[in-house]
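Since the structure comes first, as structure tokens, the remarks are kept for the end.
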Amino acid sequence: MKLWAKIVIGVQTLIIVFFYVFSSIKANEAERSSVLLIEQEALVIQAQQEAEIQAELALKNAAVAQRQAELARQAIEACEKSK
């Protein structure tokens, strides 16, 4: 085989190896990005659930505060009537 043919085959082999390595690196980056997106999605779901729990607690606390205000009003009225 002539020298130029060997050089052409060598260059083609280097190009193939380069694209293989480049593709492997890009595939790894894509996999990492996919894992990060899945983790972020899980965190968003967890945050939504926590927000729902906090909203429920806020509504319960508001109801308790309203009941306490009503009891305080009744106590004030009772004190005023007893005077």
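The values are calculated or read from the model by the stated rules, or taken from the named source; none is laboratory data. A quick note: this is a predicted structure, and the numbers were derived from the prediction, not measured. When the accessible area is computed, the model is the full protein with side chains, heavy atoms only, and any ligands, DNA or RNA have been set aside. Shrake-Rupley method; radii C 1.70, N 1.55, O 1.52, S 1.80 Å.
Here are the numbers for the structure shown:
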{"quantity": "Verdict on ALA75 being small (Gly, Ala, Ser) and modelled with pLDDT under 95", "calculated": "yes"}
{"quantity": "Any hit, the range 48-63, residues being assigned to a helix (DSSP H, G or I), open to solvent by less than 100 Å² (accessible area, probe 1.4 Å) and among the charged types (D, E, K, R)", "calculated": "yes"}
